[in-house]
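Step one of this worksheet: look at the structure below.
The values are calculated or read from the model by the stated rules, or taken from the named source; none is laboratory data. Everything numeric here is computed off the predicted structure, so don't read it as measured data. We place every Cβ from the backbone using ideal geometry, glycine too, and count neighbours over all the protein chains shown. These accessible areas exclude ligands, DNA and RNA; they are computed on the full protein's heavy atoms, side chains included. Shrake-Rupley method; radii C 1.70, N 1.55, O 1.52, S 1.80 Å.
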Amino acid sequence: MWMLVPVAFAGKLLSAFRKPLRSLWSSLVPWVLWLRATLWLPGGQSARPPQPGRGEPQESRGDGGQGPDQPTTPTSVNYHFTRQCNYKCGFCFHTAKTSFVLPLDEAKRGLRLLQEAGMEKINFSGGEPFIHDRGEYLGQLVRFCKEELRLPSVSIVSNGSLIRERWFRTYGEYLDILAISCDSFDEQVNVLIGRGQGKKNHVENLQKLRTWCRDYRVAFKINSVINRFNVDEDMREQIKALNPVRWKVFQCLLIEGENSGEDALREAQQFIISDEEFEGFLDRHKEVSCLVPESNQKMKDSYLILDEYMRFLNCRNGRKDPSKSILDVGVEEAIKFSGFDEKMFLKRGGKYVWSKADLKLDW
């Protein structure tokens, strides 16, 4: 059509419209840029899919929640913020190779990064987590995770020897689960394993902690490592009397550089039992309803373990190979090197009712 209009007339016509067109385009630019960022337009990128709300279940997938290009979600993380411990358990697979502990503000920054990446449950462990500042550092992290990050579940694994009732009075309301390590109800066996501490009785202390958990509304859990010294023990009566929400039963595991090999601080070979012996222990205790068994096969790659530098530890090759710290490269990049098997995490029951608000316990 424009080819039929004399050039001079066309020039005048365009000149007349140029100013209003420029004004119209300038008003449209912000809308075009917004649409480009939000939707997909040529030259732009697809918008980030909405993330599920905190505590809401993610859509079930046949691949355990991971697509080929989808980053692993750190739903449940075990943060071993200290390697120091006051016990000397012979089979320990996270030994005191350093005395490093992150400054509190840096630890909080890392925990926030994990929460933003999808973390719903944090488990603080060690070493012995109550040893640093006698539990004050741990208490501050527990309160931060529950009060500021609003995590559905905050838990601790401890040997229990350094916990005092005043800690429960200050921080108990922010803690969902306290897991106490107890491998035997025979005090002599505990001493052989390395859980002895002079005149303190590990089993008697366990009962006191059970009472405090009830009084301060913290779910009580027991962790036991089955090894050469306790594999023939019958714990049914004592576990039923303590009535934990979960009794996690692990098979003793060798980790090179931790409890096995030239550079290890422990030598756990004498504690190792066969798969058949572990199955025999489980069969003897099958009537205990709260029992949650974890063989070496289930345990090795199904935990997201964060060390004292906030590096994910990959245990796939029988040792702990660290990623870069999430404080330096972010969660999405660091977790690629974690060796985490999300399918096994779900298969072993890693996702369960872990908030005390949902447990509906008879306090």
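With 20 Å as the limit, the listed pairs LYS146/LYS343; LYS146/LYS351; LYS88/LYS200; LYS88/LYS199; LYS108/LYS146 have LYS146/LYS343 beyond it between alpha carbons. The Cα trace of region 176-255 gives Rg and Dmax of 12.7, 38 Å, the first to one decimal, the second as a whole number.
The local environment of VAL353, defined by Cβ-Cβ distances under 13 Å, has a net charge of +3 under the rule Lys, Arg +1 and Asp, Glu -1.
For region 94-178, the carbon plus sulfur part of the accessible surface works out to 42%, probe radius 1.4 Å. Rolling a 1.4 angstrom probe over the protein heavy atoms with all chains in place gives region 76-116 an accessible area of 41 Å² per residue.
Per residue, the accessible area of region 168-302 comes to 46 Å² when a 1.4 Å probe rolls over the protein heavy atoms.
The chymotrypsin sites (Phe, Trp or Tyr not before Pro) of region 95-149 that meet both conditions, a loop assignment by DSSP and at most 16 other Cβ atoms within 10 Å of the site Cβ, are PHE100. Scaled to the globular estimate 2.2 N^0.38 Å, the Cα spread of region 118-246, given as radius of gyration, is 1.07.
Solvent-accessible area of region 264-360 (1.4 angstrom probe, protein heavy atoms only): carbon and sulfur portion equals 47 percent. Across region 302-363, the relative contact order, built from alpha-carbon pairs under 8 Å that are at least six residues apart, equals 29 percent.
Projected label points at PHE337 and ARG236, each 7 Å from Cα along the beta carbon direction, are separated by 4.9 nanometres.
Normalised by residue count, region 246-309 yields a Cα convex hull volume of 110 Å³ per residue. When Rg and Dmax are taken over the Cα atoms of region 114-180, they come to 11.3, 34 Å. Within the same chain, lysines fewer than 8 places from LYS347 are excluded, and of the rest, those with a Cα less than 26 Å from its Cα are LYS121, LYS221, LYS240, LYS248, LYS286, LYS298, LYS300, LYS320, LYS336, LYS356, LYS360.
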